[in-house]
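The values are calculated or read from the model by the stated rules, or taken from the named source; none is laboratory data. Keep in mind it's a predicted model, so treat the numbers as computed, not measured. Positions of Cβ are generated from backbone atoms using ideal geometry, with glycine treated the same way; all protein chains shown enter the neighbour counts.
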Number of protein chains: 4
Amino acid sequence: MASPKLTRKELTELLRGEFPDLFGGEGAYDIDKVWHGGCVVRRHFERGSLRPGGTLSGATMMALADFAVYVAILASIGWVPLAVTTNLTINFLKKPAQRSLLAEVRLIKLGKRLAVGEVEIRSEGDEELVAHATATYSIPA
Amino acid sequence: MASPKLTRKELTELLRGEFPDLFGGEGAYDIDKVWHGGCVVRRHFERGSLRPGGTLSGATMMALADFAVYVAILASIGWVPLAVTTNLTINFLKKPAQRSLLAEVRLIKLGKRLAVGEVEIRSEGDEELVAHATATYSIPA
Amino acid sequence: MASPKLTRKELTELLRGEFPDLFGGEGAYDIDKVWHGGCVVRRHFERGSLRPGGTLSGATMMALADFAVYVAILASIGWVPLAVTTNLTINFLKKPAQRSLLAEVRLIKLGKRLAVGEVEIRSEGDEELVAHATATYSIPA
Amino acid sequence: MASPKLTRKELTELLRGEFPDLFGGEGAYDIDKVWHGGCVVRRHFERGSLRPGGTLSGATMMALADFAVYVAILASIGWVPLAVTTNLTINFLKKPAQRSLLAEVRLIKLGKRLAVGEVEIRSEGDEELVAHATATYSIPA
């Protein structure tokens, strides 16, 4: 794995500044790993994400997928906070457990204008995918 | 417009019971209209949805699209709270205003096992789309 | 409907030059209508598109959706043959008839770098959708 | 890799019977490998797939992605030729070479009613992805 432009520690610091409610400390997300071209982002379990039937909300997984690709892009090209999602597709594959969700991102395109990430989401400690997403970001000039 | 299986009022009541934090009262969502095959769902503006550059988070719009299709399905076939999203695709088209978002759903398939909704998201008072989504739900037997 | 940069006749001529096998004369496609921001493209029925169960191949509908968005973009901004698809999502909704397919495109974004089209595909003479697609094109500088 | 319900040879035979123009002999496609849960399908290069700028048509890659998931499903659950695509999303990532395309499928869900495949498409002899797709099939009862 090539080394990233921003380390896990640097990114955590910068994202905590930008998204104080969401990230670090009491926040919903943590970065577990970053490398050039990918990352693992953790979504801590919260009871507020529960839905009828004891599943976690699709919204929780979509937000995680979107955010994890953002982290992978920042890690790989440096701090461009105004990168914006243009497209996201998600397939929900099985009912997630009432545990942390882990999103593993692999950037499958890293161009000057567009980056595309593929995301595998799992319940912590389980091998099978609970969801799979792809997301495209537009990178400002 | 054909009449729905559940009216706006009945649905609001039932959803408030199921999702007390999200819906009705102080909640983030309201149903503006329902008919057989579609609905308009409102996402009230909240400062917590703001992102760098003054935009609203993609997560806010994805959650709205997903939820609005759920509402359209329940309105059209009756109360099946365990219907689950299998697939969602969203295109983000322009920066939303710092106002309510309105999601207008049209069900383009309403089968026994699968329903597909198309969603147009606009900032209140603006004609142009800020996002467009399609979502598929699996309907329990 | 605003008037397009290229008329139906001009586009048909130019596309016939670029795609002699596919378009005009004995070809698979014809343009029925164009306007600024959209078009209707016809895919003539061919027995080679049939699949087990008497349906038309998904490939036929995907190719039609992709091509129809291309036509709508060229009609709206002029001749940029090197515009390329970056993303396409299609939902197959019901079994198409053994007749021509009509794809109606509405451009929901027409930016400098990206254009997004929404496509409704119907069997000729039928109101219900057989497929629905969205496609994003990258427009060369 | 678990062993498939149908071997490469059995599948090639059956598909040649169902799609005599597309498959085997002079046809466009060949199966390179199958296993339980996936496969590699080859699309031979044909000049008819060329597009302006020397690229291969998006339609060629979409048809390949769709077909390759079909092959992976048949290999994994046996001969269900009436399985139909309900949804396909593709991201085009870089210009393919004027060579064979290889589609590698991994089934990320294999349920009773729905199966979802993830597809990586490469130009033969190149590591980088030219396209990435996900497709959902509905499996008849």
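Some notes on this structure:
- Among the numbered conditions (1) touching a strand residue (DSSP E or B) at 6+ places or on another chain (Cβ under 8 Å); (2) free of Cβ contacts under 8 Å to residues at least 24 places away in the same chain, the only one that residue B:127 does not meet is (1).
- Any hit, the range B:45-58, residues being acidic (Asp, Glu), surrounded by 15 or more Cβ atoms within 10 Å (Cβ to Cβ) and free of Cβ contacts under 8 Å to residues at least 60 places away in the same chain: no
- Of all residues in the range D:125-141 being more than 11 Å from chain A (Cβ to nearest Cβ) and part of a strand (DSSP E or B), the one that is surrounded by the most Cβ atoms within 10 Å (Cβ to Cβ): D:137
- Taking the range D:89-124 as the range and being outside any strand (DSSP E or B) and within 22 Å of residue D:12 (Cβ to Cβ) as the test, the residues that pass are D:99, D:100, D:124.
- Subset of the range A:89-101 [in contact with a Ser or Thr (Cβ under 8 Å, 6 or more places away or on another chain) and more than 7 Å from every other protein chain (Cβ to nearest Cβ)]: A:95, A:96, A:97, A:99, A:100, A:101
- Residues (within 12 Å of chain D (Cβ to nearest Cβ) and not small (Gly, Ala, Ser)) located in the range C:2-35: C:14, C:15, C:18, C:19, C:20, C:21, C:22, C:29
- When the range A:7-35 is filtered for residues that are touching a Lys or Arg at 6+ places or on another chain (Cβ under 8 Å), more than 26 Å from residue B:89 (Cβ to Cβ), at pLDDT 90 or above and not in a strand (DSSP E or B), only A:8 remains.
- Among the residues of the range C:75-95, those that are of a type outside the set (S, T, N, Q) and either surrounded by 24 or more Cβ atoms within 10 Å (Cβ to Cβ) or free of Cβ contacts under 8 Å to residues at least 24 places away in the same chain (or both) comprise C:75, C:88, C:90, C:92.
Each row is one residue, and each column tells you yes or no for (1) more than 13 Å from the chain's Cα centre (by Cα); (2) not charged (D, E, K, R).
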position	(1), (2)
C:2	yes, yes
C:15	no, yes
C:28	no, yes
C:33	no, no
C:39	no, yes
C:46	yes, no
C:49	yes, yes
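- Residues located in the range C:1-37, provided they are touching a residue at least 40 places away in the same chain (Cβ under 8 Å) and touching a Gly at 6+ places or on another chain (Cβ under 8 Å): C:5, C:6, C:15
- Among the residues making up the range D:36-88, a single one is of a type in the set (Asp, Glu) and either assigned to a strand (DSSP E or B) or facing chain C (nearest Cβ under 7 Å) (or both): D:66.
- Of the criteria (1) facing chain A (nearest Cβ under 9 Å); (2) closer than 24 Å to residue D:134 by Cα; (3) without any contact (Cβ under 8 Å) to a residue 60 or more places away in the chain, which one residue B:113 fails: (1)
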